[in-house]
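**Q** The following block contains the structure, expressed as structure tokens.
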Amino acid sequence: MALVTRVSNASIDMSSAQYAPQIPDLVAGEALDVAAPCHIDATDGKVYMSNGTAADADAKIDGFTPRAVASGQPVTLVGKGARFRYSDGNLTPGATYYLGATDGRLDTAATTGDAAGVAKAINAYDIRVIRDA
């Protein structure tokens, strides 16, 4: 089990984003990283980065962030099918990636909160979101 290193210039592929499910008009409850798996909190309706530490509300995923967002700012989440430039060439094509134990990160192995996986490597650089709920 190891956290996947996300490149500092991670970005969404706009051609896939236009077809992926989107949830617009949300508000960030914390500073959100680009390409971070996130959930909408049931208590305040704001968006927080997900993590797989436990099988609880924090392990829920409603989508990924297409850009970095400051706390209190508007955010749109994109879901299944969205493609992101995520790595500097260290992904294993075809491999499934899971919610990491660190907020907003992906892991190479299943975690307590995510046994199914949320993304799949398309090539050594890019991931595709495979789960958004």
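The values are calculated or read from the model by the stated rules, or taken from the named source; none is laboratory data. Quantities reported herein were computed from a predicted structural model and do not represent experimental measurements. Glycine gets a Cβ as well: all are built from the backbone with ideal geometry, and neighbour counts include every protein chain shown. Side chains included, ligands, DNA and RNA excluded: accessible areas come from the protein's heavy atoms. Shrake-Rupley method; radii C 1.70, N 1.55, O 1.52, S 1.80 Å.
**Q** Kindly provide the set of residues from segment 109-133 that are within 17 Å of F84 (Cβ to Cβ) and within 14 Å of the chain's Cα centre (by Cα), ordered by number.
**A** Kept after step one, since they are within 17 Å of F84 (Cβ to Cβ), are these residues of segment 109-133: 117-132.
Hits for segment 109-133 are G117, V118, A119, K120, A121, D126, I127, R128, V129, I130, R131, D132.
**Q** Where in segment 15-111 are there strands (runs of 3 or more DSSP E), lying wholly inside it, with at least 2 residues that are more than 15 Å from D132 (Cα to Cα)?
**A** Numbers: elements: 22-27, 37-40, 47-49, 74-78, 83-85, 96-99.
Counting at least 2 such residues, we get 22-27, 74-78.
**Q** Within segment 1-28, can you find the residues that are aliphatic (A, V, I, L, M) and either under 15 Å from the mean Cα position of the chain (by Cα) or under 15 Å from L77 (Cα atoms) (or both)?
**A** To start, the set of residues in segment 1-28 that are aliphatic (A, V, I, L, M) comprises 1-4, 7, 10, 12, 14, 17, 20, 23, 26-28.
Correct list: L3, V4, V7, A10, I12, M14, A17, A20, I23, L26, V27, A28.
**Q** State all residues of segment 85-108 that are open to solvent by 30 Å² or more (accessible area, probe 1.4 Å) and either within 24 Å of G29 (Cα to Cα) or among the hydrophobic types (A, V, I, L, M, F, W, C) (or both); if no residue qualifies, say none.
**A** The answer is Y98, A101, T102, D103, R105.
**Q** Report yes if some residue within segment 12-26 is farther than 22 Å from S87 by Cα and open to solvent by less than 40 Å² (accessible area, probe 1.4 Å); otherwise report no.
**A** Checked segment 12-26: at least one residue is farther than 22 Å from S87 by Cα and open to solvent by less than 40 Å² (accessible area, probe 1.4 Å).
**Q** Looking at segment 42-83, which of its residues are in contact with a helix residue (DSSP H, G or I) (Cβ under 9 Å, 6 or more places away or on another chain) and buried (at least 16 other Cβ atoms within 10 Å of the Cβ)?
**A** Of everything in segment 42-83, those that are in contact with a helix residue (DSSP H, G or I) (Cβ under 9 Å, 6 or more places away or on another chain) and buried (at least 16 other Cβ atoms within 10 Å of the Cβ) turn out to be Y48, M49, S50, N51, G52, T53, P66, V78, A82, R83.
**Q** Working carefully through the options T43, T112, find the one that is more than 22 Å from S16 (Cβ to Cβ), in contact (Cβ under 8 Å) with a residue 60 or more places away in the chain and of a type in the set (V, I, T). Please lay out each step first, then the result.
**A** Values: T43 fails: in contact (Cβ under 8 Å) with a residue 60 or more places away in the chain.
Exactly one of T43, T112 is more than 22 Å from S16 (Cβ to Cβ), in contact (Cβ under 8 Å) with a residue 60 or more places away in the chain and of a type in the set (V, I, T), namely T112.
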